[in-house]
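Chemist: Okay, handing you the structure first.
The values are calculated or read from the model by the stated rules, or taken from the named source; none is laboratory data. Bear in mind that the values here come from a model prediction, so they are computed numbers and not experimental data. Note: ideal-geometry Cβ built from the backbone for every residue, glycine included; neighbour counts use all protein chains shown. Just so you know, the surface numbers come from the protein's heavy atoms only, side chains and all, with ligands and any DNA or RNA stripped out. Shrake-Rupley method; radii C 1.70, N 1.55, O 1.52, S 1.80 Å.
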Amino acid sequence: MDILQFLIIFILGSMFGSFYNLLIYRLPRGMSVISPPSHCTACGKPIRWYDNIPIISYIWLRGKCRHCGSKISIRYPLVEAFSGFLFVVCFLKFKEPFMAVLFFVFFSILLVASLIDWNTFTLPDSLTLGGFLLGLLSSLFRQDLGPKESLLSALVGSGAFLLIYLYYTKIRGIEGLGFGDIKLMAFIGSAFGMWGVLYAVFLGSLFGLLYALPLIIKNRTMQFALPYGPFLSLGALVGILLNLKEFIL
């Protein structure tokens, strides 16, 4: 891939990232993703196209609304940049355009779902169940993952988490994880197969522990809540992109 192709793919990815920011804000609030057009959440003024250029507009406006001067979250350019980077990585790793775009969509669902979960402790069905159905449908056209393996992996991933959910809610009387995590694992299994499930569980647990350990030491308590979805998603993402099964087998 030459520099021009790299740049074009990055720009396209960052444009998708701009849309992902809209999803992250609107989906948990039950808002339409079509209307109204993009606007400042502080003053309500519409955002013109030249103020909505991924990454560049944030830098040009110095992270503030042109109209009211309210600060714009750094999350917006970071999501746009990460989305652009992710699109490039997918094209570098998956040589076939179909597979590159498909995995970019899968990873994008994980990205949006993770940030929503981090902010609200919820995972929208439109992402988890929609991703699950997309994973099953795409398996009809893939050579690396057939329909039977896709469905079986989804059942194993979601079934294991369902048992954990029932153990905590029915036996211990607490909510150890959310029902959205069960549906997220169904999506991960259908999209990435059994290895994706293993990456999500083991790497996700490791990443979650590494994040939580300093908090436990600092606060001297384990009585705090963390969303599990972002760590499951990160585990699946890292495992798939690094193709860790090659180091295991």
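Chemist: Straight-line reach only, C-alpha to C-alpha below 21 angstrom: list the lysines that Lys148 could link to, leaving out same-chain residues fewer than 8 apart.
Modeler: Excluding near neighbours in sequence, the set is Lys183, Lys245.
Chemist: Still on this structure, please answer the following. Less than 19 Å apart at the alpha-carbon level, and either on another chain or at least 8 residues along: which aspartates and glutamates does that give for Lys71?
Modeler: Reachable aspartates and glutamates: Asp51, Glu80.
Chemist: Under a crude label model (7 Å from the Cα following the beta-carbon direction), how far is Ile174 from Phe98 in nanometres?
Modeler: Modelled inter-label distance: 4.8 nm.
Chemist: Send over a whole-number figure in Å² for the accessible area per residue of segment 24-96, probe 1.4 Å.
Modeler: 66
Chemist: Send over a whole-number figure in Å² for the accessible area per residue of segment 155-249, probe 1.4 Å.
Modeler: Per residue, segment 155-249 has 56 Å² of solvent-accessible surface.
Chemist: Also, I was wondering about something else. So how much slack lies between Ala42 and Leu213, counting 0.36 nm per residue of separation and subtracting their Cα-Cα distance, in nm?
Modeler: 58.0 nm
Chemist: How large is the helix-only mean residue ellipticity at 222 nm for the chain, computed as the sum of -39500 (n - 2.57) over DSSP H runs with n ≥ 4, divided by its residue count, in deg cm²/dmol to the nearest 500?
Modeler: Taken over the chain, the calculation gives -21500 deg cm²/dmol.
Chemist: Okay, next question. Hey, any idea what % of the chain's accessible area is carbon plus sulfur with a 1.4 Å probe?
Modeler: That fraction is 69 percent.
Chemist: What does the extension gain come out to for Leu61 and Leu226, with contour length at 0.36 nm per residue minus their alpha carbon separation?
Modeler: Taking Leu61 through Leu226 to full extension adds about 56.1 nm, to one decimal.
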